[in-house]
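Have a look at the structure below before the remarks.
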Amino acid sequence: YPVSNSILFITFLLLYLSSVLGNALIVTLIYLHMHLHTPMYFFLCILSLLDMSYITTTMPQMLVHLLAHSQTISFAGCWLQMYMFGALGLTECILFVVMAYDRYIAICHPLHYTVILSWGLCARLAAGAGACGFFSSLIHTFITMRLPYCGPNVVNHYFCEGPAVRRLACMDTHLIEMMDQVISVL
């Protein structure tokens with residue numbers, strides 16, 4: 001294989017490992033230091049775990065493709081990657097809203113902060129963010145899987161992304177793209 005693939009492999013491997021290591025360090029520090037056991041750091045810990053998972057859905061496959069002779073992925077692998085990428089991405093976006101709510105309570109109601117944001121509410125907010133993200137991605141992936149595909153099944157990306165896969169469909173996907181925009185706005 002060309003030298004450029006080896007250079008890209010090493011570069012992206014180092015970026016991937018530094019991202020995973022940095023997020024693991026954040027989670028470890030929050031876990032070990034008792035004064036960081038607050039709702040803000042709880043949500044930051046979840047965000048770090050999501051980020052580690054999010055990057056792990058795409059980077060290992062890309063690293064394999066940089067060195068392997070075959071640059072294919074099975075349909076089941078593509079759908080699983082699309083589902084997990086969407087689920088983790090949507091969950092992360094919803095968690096940002098939850099984190100903004102946390103900061104709003106901390107700034108506008110500082111004396112009632114611990115009463116309003118109890119650990120039970122924090123756990124429910126985090127679980128709700130995950131449930132919404134994973135459920136929305138399930139619907140999106142299911143609809144994309146049900147499309148009729150014909151012709152070359154080649155995605156011109158290094159991972160299975162919904163819009164790139166939908167371009168391979170033999171029908172108009174305008175309605176699905178509108179649904180994506182509505183979900184994005186919400």
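How far apart, in nanometres, would the label points at residue 106 and residue 49 be if each is projected 7 angstrom from Cα along the Cα-to-Cβ direction?
Computed distance between label sites residue 106 and residue 49 equals 1.9 nm.
How large are Rg and Dmax for the chain when calculated on the C-alpha trace, in angstrom?
Expressed in Å, the Cα Rg and Dmax of the chain come to 19.7, 62.
Which whole-number percent is the relative contact order of the chain (Cα, under 8 Å, 6+ apart)?
Relative contact order here is 22 percent.
Using a 1.4 Å probe on the protein heavy atoms only, what accessible surface does residue 21 show? Give it in Å² to the nearest 10.
Solvent-accessible area, nearest 10 Å²: 120 Å².
Calculate the radius of gyration of the Cα atoms of the stretch 142-186 to one decimal place, then report Dmax, the largest Cα-Cα distance, as a whole number, both in Å.
Cα only, the stretch 142-186: 11.0, 34 Å (Rg, Dmax).
Before rounding to the nearest 500, sum -39500 (n - 2.57) across all DSSP H runs of length at least 4 in the chain and divide by the residue total; then give [θ] at 222 nm in deg cm²/dmol.
Taking each H run of at least 4 residues, the total per residue is -25000 deg cm²/dmol.
Obtain the nm distance between the two label points defined at residue 153 and residue 31 by a simple spin-label model: each point lies 7 Å from its Cα along the Cα-to-C-beta direction.
4.0
Report, to the nearest whole %, how much of the accessible area of the stretch 1-106 belongs to carbon and sulfur atoms, 1.4 Å probe, protein only.
Reported share for carbon and sulfur atoms: 78 percent.
Given a 1.4 Å probe and heavy atoms of the protein chains only, how would you sort 92, 161, largest accessible area at the top?
Correct descending sequence by accessible area is 161, 92.
Grab the other residues whose beta carbon is less than 15 angstrom from that of residue 130, score K and R as +1, D and E as -1, and report the net.
-1
Taking the Cα centre of the stretch 72-186 as origin, work out the dipole magnitude from +1 charges on Lys and Arg Cβ and -1 charges on Asp and Glu Cβ, in debye rounded to 20. All intermediate terms of the calculation are to be shown ahead of the outcome.
Numbers: 5 positive and 6 negative charges, 27 e Å.
With only Lys, Arg, Asp and Glu charged at Cβ, the dipole is about 140 debye.
The values are calculated or read from the model by the stated rules, or taken from the named source; none is laboratory data. Everything numeric here is computed off the predicted structure, so don't read it as measured data. Backbone-built Cβ (ideal geometry, glycine too); neighbour counts: all protein chains shown. Side chains included, ligands, DNA and RNA excluded: accessible areas come from the protein's heavy atoms. Shrake-Rupley method; radii C 1.70, N 1.55, O 1.52, S 1.80 Å.
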